[in-house]
Amino acid sequence: MLAIIMMMFLSLSLIFYYTSEHEAESRIVTQANVAADYLEGASRDEALGIMNEQFAGVYRYTLIAEDGEVLYDSEVTDESLLDNHGARPEVLSAKEAGSSVASRYSETLNADMLYAAVQLDDGSFVRLSESRESLLSYMGELAVPMAVFLALACCLVFVVSRALTMRIMKPIDALDFSDPLENEIYEEMDPLLVRIDEQQRQLKIQNKELARAESLRRDFSANVSHEMKTPLQVIAGYAELMKNGMVPPEDTAKFAGLIYEESQAMRALINDVLTLSRLDETAFDGDTASLVDVLEVADRVKMRLQVLAQERGVTVSVSGENASVIGSPTLVEEMVYNLVENGIRYNHEGGSVAFHVSVEDVSDPFLRLDHNVTRRFASGQAPRYDASASQRQVVIRVTDTGPGIPPEKREKIFERFYRMEKSRSKETGGTGLGLAIVKHAVMYHNGRIDVNGEVGKGTTFTVRILSA
Ligand code: ADP
């Protein structure tokens, strides 16, 4: 602000100074010509008399002979003291052009002077001169009023801007941020209010999600403790009976077997809980992902579950083609294991579990989208997925001949610790976490899982994950 005012002061005084100088020049030239006319038209003394009247106090005038000798000077009494003026610039150029104007420093008068000289018919010169202010002194004169003006302007600017700021801030101070869009304020503020509103809404959603996650976590911990207590109580009970000698020797093996079973159930539970909490903490990571052949995994799982299948009298078959997905081998195995294990456990003697894997065109556009967004494959390779190319998916179907799952329960079964029939699941050795792990593993691979089947006939779980 101050700088702008200073600049304006400088440029204005420059403009004023140079226009006034210019005007003074043309004025003095006109007057010199007038003086020349007087001198040409009348005797020298007459002419000097007229000039005296006309120029007194305004111009100093000098008559100079052709050879430069000063004949008369209105401000000097003894002209003989003055040196020869023949070499003065204005005289020299008047000799050439008939008339001239020049401004320079006069040593005779110690001041900046403006001169105009005109050569007369007889060869002599008449010269008018006027003392002028230098640019600096001109500006110096203006400086004091300018400083006063500046100070006043500053005060005014301060007062006015304070008042304005207060007026502008008043409605802003009064803003009600609990409902940003309800405020009536300047239009210019609307985008800001809309943004604040959006952010508040996002925050609310995040808070809700956090609260939900927290309550899920608390439920989960409570459930885990509860699930642990039961087998522990059973183990403690049987062990106490044996310790007190209340178990006849022929029954010890049976009781030890019961204790063994319960401890196995606890071990399974702890394993599942650990898997789930690990899953809660990890997201798909392109750097650690690898190619997983689902058919190979299924063969391995079949071997691992052979004993259980024999116990239950259930046959397990694995069929289909070699098909790979990109992801975590451990999680894929966990997923396949839980699905096949459920197929065996929720089945009847003589029943079967069929595991089938195939590669098909992607039918679900969302699956494709998810993959394109999420997948950035390992170690700096370009993403493998090209949206325009037709994409293929690995489809895993696990079909059993068990009791089936009624449609209204098909979502619930994926919840942690959800069991359709408490007693039966317990007796089949379930933890209630198997399908929660499956769902997590599928989500980790950006896939989807569906449940089909018919109550009384069996169930089919279908998992779709984008093919590698
Ligand atoms: P659990 O350890 O109890 O098996 P899961 O999460 O694996 O826990 O399964 C949840 C519930 O879903 C089970 O209790 C069972 O009632 C039902 N379920 C799971 N798989 C099947 C299946 N193949 N056939 C029928 N019911 C099933």
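The values are calculated or read from the model by the stated rules, or taken from the named source; none is laboratory data. Every value quoted in this text rests on a predicted model; they were computed, and no experiment measured them. Here the Cβ is made from the backbone with ideal geometry for all residues, glycine too, and neighbour counts use every protein chain on show.
Descriptive notes on the structure:
- Annotation: of all residues in segment 448-463 being under 16 Å from PHE414 (Cβ atoms) and surrounded by fewer than 23 Cβ atoms within 10 Å (Cβ to Cβ), the one that is farthest from the ligand (Cβ to nearest atom) is ARG448.
- Scanning segment 272-288 for residues that are assigned to a helix (DSSP H, G or I) and surrounded by 14 or more Cβ atoms within 10 Å (Cβ to Cβ) gives ASP272, VAL273, THR275, LEU276, LEU279.
- Residue ID - nearest to the ligand (Cβ to nearest atom), chosen from residues in segment 395-413 that are part of a loop (DSSP other than H, G, I, E, B) and either out of contact with any strand residue (DSSP E or B) (no Cβ under 7 Å at 6 or more places or on another chain) or acidic (Asp, Glu) (or both): PRO403
- Qualifying residue in segment 111-127 (condition: part of a helix (DSSP H, G or I) and in contact with a strand residue (DSSP E or B) (Cβ under 6 Å, 6 or more places away or on another chain)): no
- Taking segment 302-312 as the range and being under 17 Å from TYR346 (Cα atoms) and either basic (Lys, Arg) or touching a residue at least 24 places away in the same chain (Cβ under 8 Å) (or both) as the test, the residues that pass are LYS302, LEU305, LEU308, ALA309, ARG312.
- Residue count, segment 69-85 (criterion: over 17 Å from ALA116 (Cβ atoms) and either in a loop (DSSP other than H, G, I, E, B) or at pLDDT below 85 (or both)): 10
- Of the residues making up segment 168-181, those that are over 16 Å from LYS204 (Cβ atoms) and not hydrophobic (A, V, I, L, M, F, W, C) are LYS170, PRO171, ASP173, ASP176.
- Among (1) at pLDDT below 65; (2) within 16 Å of the ligand (Cβ to nearest atom); (3) not in a helix (DSSP H, G or I), the one test that ALA382 misses: (2)
- Among (1) in a helix (DSSP H, G or I); (2) modelled with pLDDT of 90 or more; (3) more than 19 Å from GLY351 (Cβ to Cβ) - the single one LEU291 does not satisfy: (1)
- Set side by side, the residues LEU92, LEU109 differ, and just one is at pLDDT 85 or above and farther than 30 Å from MET7 by Cβ, which is LEU92.
- Filter result for the condition that a residue is touching a strand residue (DSSP E or B) at 6+ places or on another chain (Cβ under 7 Å) and surrounded by 11 or more Cβ atoms within 10 Å (Cβ to Cβ), over LEU291, LEU232, LEU269: LEU291
- Identity of the residue in segment 235-266, outside any helix (DSSP H, G or I) and of a type in the set (A, V, I, L, M), that ends up surrounded by the fewest Cβ atoms within 10 Å (Cβ to Cβ): MET246
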